[in-house]
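Working notes for the structure below.
The values are calculated or read from the model by the stated rules, or taken from the named source; none is laboratory data. What you see is a predicted model; the values in this text were computed from it and never measured. Note that we place each Cβ from the backbone using ideal geometry, even for glycine, and neighbour counts take in every protein chain shown. Protein only, heavy atoms only, side chains kept; ligands, DNA and RNA dropped before computing areas. Shrake-Rupley method; radii C 1.70, N 1.55, O 1.52, S 1.80 Å.
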Amino acid sequence: MISPTRFRRSLLAITTAAASLALLAACTSPASSVSSATASATPVDGGNLTFLIQGYDVGWVSSKTAISSYEGNLWGELTDKLVYVDSKGALSPWIATSWEELNGAKDFVLHLKEGVTFSDGTPLDAAAVVANINLWAKGDATRGITKVGLFPSAHFDRAEVTDASTVHVYFNAPTLGFIPTLAYHGTILLSPKTLALPAEEQADLSKEIGSGPFVVKSWKQGDSYVLEKRKDYNWGPAALGHTGPAYLDTITYKVIKDASVRTSTVVSGQADVAYNIQPQEISSLKDQGFTVGTPQYLGFTDGFQVNTTAFPTNELAVRQAIQHGIDRTEIVNTVYTGDWKAATSFLQGNVPETGDYSTTIAYDQGKSTKLLEDAGWTLGADGYRVKDGKTLEFTLTPNPYVPSTQAEDELIAQQLKRVGIKVDLKVVDVSGYTAVIAAKPPLFQQSRSFVDVGTVAGVLTSQNKGEDWYSLGTSDTKLNKLADGIATSSDRDARAKLAGELQQYVLEQGYAIPTVQLIQRLYLIAPGVQGVSYNGLAYANFYTAWIAK
Amino acid sequence: MRSHYLRYALARAAQAVIVILLAYVLTFLVISVLPGDPISNSLHDPQNGLSDAEISQVVAFYGLDKPVIVQLGLALGRFVVGDLGISLQSSLPVAQMIGDALPSTLALAVSALALSLLLAVGIAYGVQNLPGKWAPGLLRSIPSFFLSVPNFVIGLVLIELFAFRLHVFTTIDPNSPAATFFAALTLAIPVSAPLAEVLIANLDQGARQEYVLVARSRGLTQAKLFAKHLVKPSMLPAVAMIALIVGELLGGAVITETIFGRDGIGTVVQKAVTSQDLPLLQAVVSLAAVVFVAVNLAADLVSPLLDPRLELGTIRREPVTA
Amino acid sequence: MTTDLFTGRLRSIPAAGRRVAIAVPPTVLAAVFVVLVVLLWSVVPGIFTSHDPVTGNTGEKLIAPSPAHWFGTDYLGRDVYARIVYGTASSVTSALVAVLIGLIVGSVIGLASGFLGGGVDTILGRVVDVLLAIPGFLLAVVVVSSLGFTTLNAAIATGVSAVAVFARLMRAEVIRTRGSVFVEASYLQGGNRPQALLRHILPNVYPSIVALAVLQFGMSILVIAALAFLGYGDPPPASDWGLLVSSGKNYPTAPWLVYAPALVIVATVLSVNRISTWLRQAR
């Protein structure tokens, strides 16, 4: 059954490769890809897209603390959300056609699109939405299902069905973050039947029933996942400018662990899209006529969370010395390309509330040295600082979810060596990284996207069951106050001002040490693939994509 | 003679079982030194919000709180009845995970074994029969070259050349016949080297012997001569070597499968190592030992039947005498 | 990895066939030269390159090989040749450590086994059987994951997986030499066992053990490179050869990052193997 298809595919691959070789031979200028793009600007139906991705090592329980960047790609095609967010952070209707903010942002009314169904035939109505919201907000401890990490559940009261297409949601305090969070890639709408299953059954992808433009056709866990277009789909986000079903017939997600193999496979014409490639390869790939999507998501920048209870980052001077010891411009120029920007805060530049704190975190070797000298860290013979017989040393583990963090961390180790801080590297893969994060080393990378700045309040400290990113608990009263103020603010301007103060404070204290504005999701796209769009969480929408014949 | 052989066979089988059990104990002791385990790691993740009491309950469920010697006893008891335990990382039965991975590795190893035999015989034939001095001399140095190239380099070069440049196979479908062929070749190249050396040495020795001259004077063609008189005497050491080669193939699979993106036993080993999945690692290593010992046993049992001149008592100790 | 196969072959060469080599073939001379250079790299890397292996010039990243950078530069602008030269110490020294562990532990087991015989032989024989039963590379992976991912531990792991090979060879050689006429004669003259051991057996066993050790050295370089390739050695910025290949393969547009260290590994192991073959023939 496989061989004719494979034969055809390889024949196709060979011809494509031959064609691209001919193209390359004819003219190596990037202009060739532009001309081929304009030659067939009308979308065509049909086509099978192969998408190479790094790995799916965990189950498919959708409601959890954080959805991995890899899962998010698949979820985005299988499910819909209530609200769409574009790359600039602007919200627009999707399954919710409109919404109202009442009672000082304490109550919300959602009006739903009618006629939407899940792929099992269940209507996506108010009752289904209420079931979803309840699980996002509270999880279900008895079934081992956690809440959605960034959902503003601190003051969540209840969600009620008003009529079949209207939902009323109540909070105990103002929650401006609610509506934007509905566009987050963790708040995906699933069939109530799926939600009612115990966790271990939800881990089974075939039981995950969504309402999205694609459905699961077949899959082999950890290896490949074939999605097939849903022919009756007709409720995509208006912002994408496309109605009806997707153009593509199928999308095959194929796991290939090695970034260079993913790149070379697409370059050699054997696949259409590769996820997460080496940034330093981008310019030469673009020269060969490939498109590289480098969408920037709304959320936290690349950089480090600091464990304020671990040696040596339990000391303010050390944290500040690291903050000023990192040359962010050098990182951008060396490890990345022109698509990247140095961080100016620990929030991404496209988040409206992000300020420019580049002076607060400016690279200043002299300042770092002085901070450490004043704190009693003296330079030893090996070039590293010592205090009380202990070397100023910690271990960094490159984040396996973000391309080229290993090169970045190697460079940071070199930079911090200049001020006498010793940085060791430990390299692990995705499965080993969980253990590293669980151990909370002094500095660790954890990227996280969000749609609304209000969600920041829920993760920094441990108040309101927050995630306590910096291991401060509730010990820093100033941070507590700022975070609480953001969480319960009902006025966007006042909240933006608080967010500014919070950024300044967190950076000064060295709780967060940002490096560059994160481009976590890189898409290497073969010349024939067109119409790929990106949402505010930097995921590609293949609903609008098509393959030029 | 029959009863003599039977006694020999039984003794060998008993030894094999002892070696397998000891190998199990040794691996268990070595890996129980491993710091941490995925269960405790994920339980201590603050995002799970479990209390210390709850954590120790789960740890106790997996038996990770007991002294090493007790754990060993329990594990050995389960191993003897064929229960390999539950993976700490994925919560799946280890036997199932290995069962899923085994076919891919078997296909790889069997193809690699066949390829390495082909390569070795080809090289030996060339050494013996190519005209002139240059070509045979060059062929003679090939085994040494094969042994000097790291197999990850062989794999990378083959992929670059045949997948990305010549499009002979695709990396998307690592289990396709073409991809399996090149993965097997990666594994076969270092394995074929010692085989070829043994064959060449035998041929050199055989070529000097009289019966070859006699045969040649009778007008046998080169190829027939090669097959009849030179390869056949080499079969015995080759059979013994296959046992050792099986071990080589299993070890080499770790690298080869990683490079070619195949989901097999080698990948399972890698995952088990990085996630400190002790039962899984233990099971794979034990499986390798079982396979190795079984093949060795088979070789030892077959050898005296192939060549009755062999003294039964001496075979076991020197399985690879060339 | 394939060493056990060789033991058989080594041992199969009849002792009577020993002859003294008069002329050293040119390929052996070349091999000795390569090995000498590599050993010098590991001892005094500084005289072979003026570049810093750890801190590069980030403005000169991913430059193709040129007179200024013989093997090009890597993704942080570091000179690849310098990284290879400085990586020699851990790549090659660790192989030496591995061989020493295998040699010493294996020889002691083999000596005791062959010399004492009886119950000791049986027990030690079983230990060796067990070590042999686990494929060498798998054993090394298990040991290194148990000890922790450093190059030294990778060396220890590789050494452990080589113990059985040395033990078997030593035992066989001891048994053969013990049975020979002159050792029996020394018993008759009133010599005791340890003296016989030292005076007669060791010098006789020595040549084949050396040949095996040299061969094992080449093998160990490969095994340690493979472990480093899988990430089981020292983490970056260390520049073990295997690690250089694995981090270099992330940059398909800069193939020298893979081929330069790969070539160095091949050249080194090929040379070591050539010397080992020559030693065996020259015995």
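A few points about this structure:
- Considering the stretch A:228-243, and only residues there that are of a type outside the set (Ser, Thr, Tyr) and surrounded by fewer than 18 Cβ atoms within 10 Å (Cβ to Cβ), the residue that is nearest to residue A:209 (Cα to Cα) turns out to be A:228.
- Considering the stretch C:93-102, and only residues there that are surrounded by fewer than 24 Cβ atoms within 10 Å (Cβ to Cβ) and modelled with pLDDT of 90 or more, the residue that is nearest to the chain's Cα centre (by Cα) turns out to be C:96.
- Checking each residue in the stretch A:413-434 for being more than 8 Å from every other protein chain (Cβ to nearest Cβ) and either without any contact (Cβ under 8 Å) to a residue 40 or more places away in the chain or at negative phi (or both) picks out A:415, A:416, A:418, A:419, A:421, A:422, A:423, A:430, A:433.
- Members of the stretch C:55-80 found to be within 14 Å of chain A (Cβ to nearest Cβ), touching a helix residue (DSSP H, G or I) at 6+ places or on another chain (Cβ under 7 Å) and in a loop (DSSP other than H, G, I, E, B), listed by number: C:55, C:61, C:62, C:64, C:72, C:74, C:75, C:76, C:77
- Scope the stretch A:160-175; condition more than 8 Å from residue A:106 (Cα to Cα), among the aliphatic types (A, V, I, L, M) and in contact (Cβ under 8 Å) with a residue 60 or more places away in the chain; matching residues: A:169
- Scanning the stretch A:284-292 for any residue that is touching a strand residue (DSSP E or B) at 6+ places or on another chain (Cβ under 8 Å), in contact (Cβ under 8 Å) with a residue 40 or more places away in the chain, within 14 Å of another protein chain (Cβ to nearest Cβ) and in a helix (DSSP H, G or I) turns up at least one such residue.
- Residue in the stretch C:141-156 that is open to solvent by less than 10 Å² (accessible area, probe 1.4 Å), under 17 Å from the mean Cα position of the chain (by Cα) and within 10 Å of another protein chain (Cβ to nearest Cβ) present: yes
- The stretch C:240-283, residues that are more than 23 Å from residue B:254 (Cβ to Cβ) and of a type in the set (S, T, N, Q): C:253, C:271, C:276, C:277, C:281
- Among the residues here, residue C:108 qualifies as surrounded by fewer than 17 Cβ atoms within 10 Å (Cβ to Cβ) and either outside any helix (DSSP H, G or I) or more than 11 Å from chain B (Cβ to nearest Cβ) (or both).
- Residue check, residue C:120 more than 14 Å from chain A (Cβ to nearest Cβ), assigned to a helix (DSSP H, G or I) and either modelled with pLDDT of 90 or more or buried (at least 17 other Cβ atoms within 10 Å of the Cβ) (or both): no
- Test: residue in the stretch A:245-261 that is under 30 Å from residue A:107 (Cα atoms), away from chain B (no Cβ under 14 Å) and surrounded by fewer than 23 Cβ atoms within 10 Å (Cβ to Cβ): no
- Boolean, residue A:368 is assigned to a helix (DSSP H, G or I), hydroxyl-bearing (Ser, Thr, Tyr) and open to solvent by less than 30 Å² (accessible area, probe 1.4 Å): yes
- A single entry from B:161, B:185, B:166 fulfils the requirement of being surrounded by fewer than 21 Cβ atoms within 10 Å (Cβ to Cβ), under 19 Å from the mean Cα position of the chain (by Cα) and away from chain C (no Cβ under 11 Å): B:185.
- Against the list (1) open to solvent by 10 Å² or more (accessible area, probe 1.4 Å); (2) under 23 Å from residue C:107 (Cβ atoms); (3) facing chain B (nearest Cβ under 10 Å), the condition residue C:221 fails is (1).
- Among the residues of the stretch A:435-461, those identified as part of a helix (DSSP H, G or I) and more than 14 Å from chain B (Cβ to nearest Cβ) are A:453, A:454, A:455, A:456, A:457.
- Answer from A:514, A:527 - the residue that is open to solvent by 30 Å² or more (accessible area, probe 1.4 Å) and either modelled with pLDDT of 90 or more or within 14 Å of chain B (Cβ to nearest Cβ) (or both): A:527
- Hey, residue C:125 at positive phi and surrounded by fewer than 24 Cβ atoms within 10 Å (Cβ to Cβ) or not: no
- Boolean, residue B:317 is in the same structural domain as residue B:125 (by TED's automatic domain parsing), at pLDDT below 75 and surrounded by fewer than 17 Cβ atoms within 10 Å (Cβ to Cβ): no
- Each residue in the stretch A:331-349 was checked for being in contact with a Leu (Cβ under 7 Å, 6 or more places away or on another chain) and within 14 Å of another protein chain (Cβ to nearest Cβ), and 3 pass.
- Residue A:351 under 29 Å from residue A:541 (Cα atoms), open to solvent by less than 10 Å² (accessible area, probe 1.4 Å) and in the same structural domain as residue A:410 (by TED's automatic domain parsing): yes
- Qualifying positions in the stretch C:64-82 - of a type in the set (A, V, I, L, M, F, W, C), under 19 Å from residue C:47 (Cα atoms) and either surrounded by fewer than 22 Cβ atoms within 10 Å (Cβ to Cβ) or touching a Phe, Trp or Tyr at 6+ places or on another chain (Cβ under 6 Å) (or both): C:68, C:70, C:71, C:80
- Residue among B:138, B:117, B:106 that is in a helix (DSSP H, G or I), over 26 Å from residue C:216 (Cβ atoms), open to solvent by 40 Å² or more (accessible area, probe 1.4 Å) and at pLDDT below 90: B:138
- Output for the stretch A:371-395, where each listed residue is loosely packed, with under 12 Cβ neighbours inside 10 Å and part of a helix (DSSP H, G or I): A:374
- Residues in the stretch A:270-283 that are open to solvent by 10 Å² or more (accessible area, probe 1.4 Å) and at the interface with another protein chain (Cβ under 8 Å from one of its Cβ atoms): 3 in all.
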